[in-house]
Amino acid sequence: MGCVAVVLYFRESTNMEAAYGLSITITMLATTILLCYYLYMKKFPWPGIALFLITYLGIELSFLVANLIKFPHGGWVSVAIGIMLITVMYIWLRAFYIKRRLTEYVKLDQYVEFLKELSEDNSIPKYSTHLIFMTSADRRGEIESKVIYSIFQKRPKRADIYWFLHVDTTDDPYTMEYKVHHLAENDVIRVDFRLGFRVEQRINLFFRKVIENLVKNKEVDITSRYDSLNKANVIGDFRFVVLEKYLSMENDLPLSENLIMEAYFYIKQFTTSEDRWFGLDTSSVKVEKVPLIIKPVREVDLKRVS
């Protein structure tokens with residue numbers, strides 16, 4: 001749609017010269033600055049970096065000045081598209097930090113025994129043999145309070161083994177590593193994936209490979225706990241639970257942050273859902289909506305009348 005709109009607006013390639021020239025020049029400037037930062041991070045001698053930066057910035061700034069003359073003749077299109085992309089990135093980044101600042105984490109060790117007891121409580125219907133949650137907690141000893149709420153309170157989810165999966169995106173483009181932490185043998189297990197930013201996050205596939213490796217090393221028993229199925233060595237079922245956040249009406253945010261969050265959730269409607277982003281099998285995924293209460297209302301002027 002964007003390409004069609006640009007073609008219909010400019011009509012002829014000659015009319016696109018200004019926009020094309022300005023966009024190329026801005027790209028060259030951005031590439032030069034990023035390359036210099038990369039050389040700085042790699043601890044190249046700073047005199048060489050400075051010489052490179054001055055030389056190329058001088059050339060590219062002269063091109064920029066020449067192209068700015070064409071700004072009213074179509075160059076503004078490149079600037080408008082750039083501002084739009086910067087705005088989206090700014091909203092996404094600000095919303096990320098707002099959410100992370102107030103995401104509540106709890107110590108997972110405090111709930112390991114409760115999880116084991118829940119796993120053995122036959123009075124509660126079994127939800128799944130293997131129950132898997134995606135977690136954003138960087139520390140292996142922590143978990144989001146919303147995950148604990150989902151397991152124990154929203155609807156008690158009894159499972160034989162609880163899995164918590166965490167994905168860490170690395171700067172190395174093709175990293176594919178994982179670590180397994182047995183918090184309670186054959187009951188509570190956490191898996192940390194380290195994937196490069198160029199690696200497609202096919203968690204369903206990667207998790208299956210992890211399971212195969214653990215079974216091969218006799219670190220975990222994935223057979224069904226039902227007696228009739230266990231005798232036949234039938235593998236237990238796996239179910240993923242994805243917590244999808246939405247902005248609660250019970251927030252009392254400043255105007256600026258409220259606009260940021262409203263814009264963030266509006267943009268999020270057009271993005272890939274979390275289960276598809278992680279490459280999960282939709283037939284075994286349960287999506288639960290949880291309210292995102294960033295700043296609850298402290299006082300409500302509500303009076304009881306007779």
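Miscellaneous remarks
- Farthest toward positive dipole pole in the chain [+1 Lys/Arg, -1 Asp/Glu at C-beta], among ILE59, ILE151, PRO47: ILE151
- Rounded to the nearest 20, the Cβ-based charge dipole of region 167-306 about its Cα centre (Lys and Arg +1, Asp and Glu -1) stands at 280 debye.
- Order of ILE69, ILE148 - criterion: other Cβ atoms within 10 Å of each residue's Cβ, fewest first: ILE69, ILE148
- Around LEU22: net Lys/Arg minus Asp/Glu count, Cβ-Cβ under 15 Å: -1
- Burial ordering of LEU195, LEU259, fewest other beta-carbon atoms within 10 Å first: LEU259, LEU195
- Only Lys, Arg, Asp and Glu carry charge here, each on its Cβ (+1 for the first two, -1 for the last two); on that basis region 1-115 has a dipole of about 200 debye about its Cα centre.
- Structure-based [θ]222 nm, the chain - -39500 (n - 2.57) summed over DSSP H runs of at least 4, per residue, nearest 500: -14500 deg cm²/dmol
- Residue exposure sequence - GLU117, GLU274 - by fewest surrounding Cβ within 10 Å: GLU117, GLU274
- Whole-number percent relative contact order across the chain, with pairs defined as alpha carbons under 8 Å at least 6 apart: 14 percent
- Answer label for Rg/Rh (Cα atoms, Kirkwood Rh) (calculated), chosen among (1) 1.39; (2) 1.09; (3) 1.02: (2)
Every number in this text was worked out from the coordinates using simple rules, so none of it is lab data. All of these numbers come straight from a predicted model, not from anything done at the bench. Please note: Cβ atoms are built from the backbone with ideal geometry, for glycine as well, and neighbour counts cover all protein chains shown.
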